[in-house]
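Visitor: There's a structure below that I have some questions on.
The values are calculated or read from the model by the stated rules, or taken from the named source; none is laboratory data. Predicted model, so just to flag it, every value in this text is computed and none were measured. Please note: Cβ atoms are built from the backbone with ideal geometry, for glycine as well, and neighbour counts cover all protein chains shown. Side chains are part of the model used for accessible areas, which takes the heavy atoms of the whole protein and leaves out ligands, DNA and RNA. Shrake-Rupley method; radii C 1.70, N 1.55, O 1.52, S 1.80 Å.
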Amino acid sequence: VLPFGAVESALRAKLISTVPGGKIFLNEEERELHYLIKGEKSINFFDVFSYSFPVTTKVSALTGEIMAIDKPQWLKFLGFLFS
């Protein structure tokens, strides 16, 4: 999977909204290659206010599947309100 495909899969899954500055890194952990994508997720509050926060996504370089998501703790508990 190329970097563009990895970003595209994270965007399609609606895990990130944008990748400012194109921050994509190729890493290896435990003999597995993955892309580390540092992006932003935007949530909209009643079409009045929009808030963006940082999200880091780990995408497999071999299969293109999402391996892990690092997002703020409050979003893990209140995420159902914004989906």
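Visitor: Contact list please: Cβ distance under 9 Å, first residue in segment 24-44 and closer than 13 Å to VAL59 by Cβ and without any contact (Cβ under 8 Å) to a residue 60 or more places away in the chain, second residue open to solvent by 70 Å² or more (accessible area, probe 1.4 Å) and acidic (Asp, Glu), pairs at least six apart or on different chains.
Guide: Between residues of segment 24-44 that are closer than 13 Å to VAL59 by Cβ and without any contact (Cβ under 8 Å) to a residue 60 or more places away in the chain and residues that are open to solvent by 70 Å² or more (accessible area, probe 1.4 Å) and acidic (Asp, Glu), the close pairs are HIS34/GLU28.
Visitor: LYS71 passes all but one of (1) surrounded by fewer than 11 Cβ atoms within 10 Å (Cβ to Cβ); (2) at pLDDT below 90; which number fails?
Guide: Every listed condition holds for LYS71 apart from (1).
Visitor: Out of the residues in segment 1-51 that are in a loop (DSSP other than H, G, I, E, B), open to solvent by less than 60 Å² (accessible area, probe 1.4 Å) and of a type in the set (A, V, I, L, M), which is farthest from ILE66 (Cα to Cα)?
Guide: VAL19
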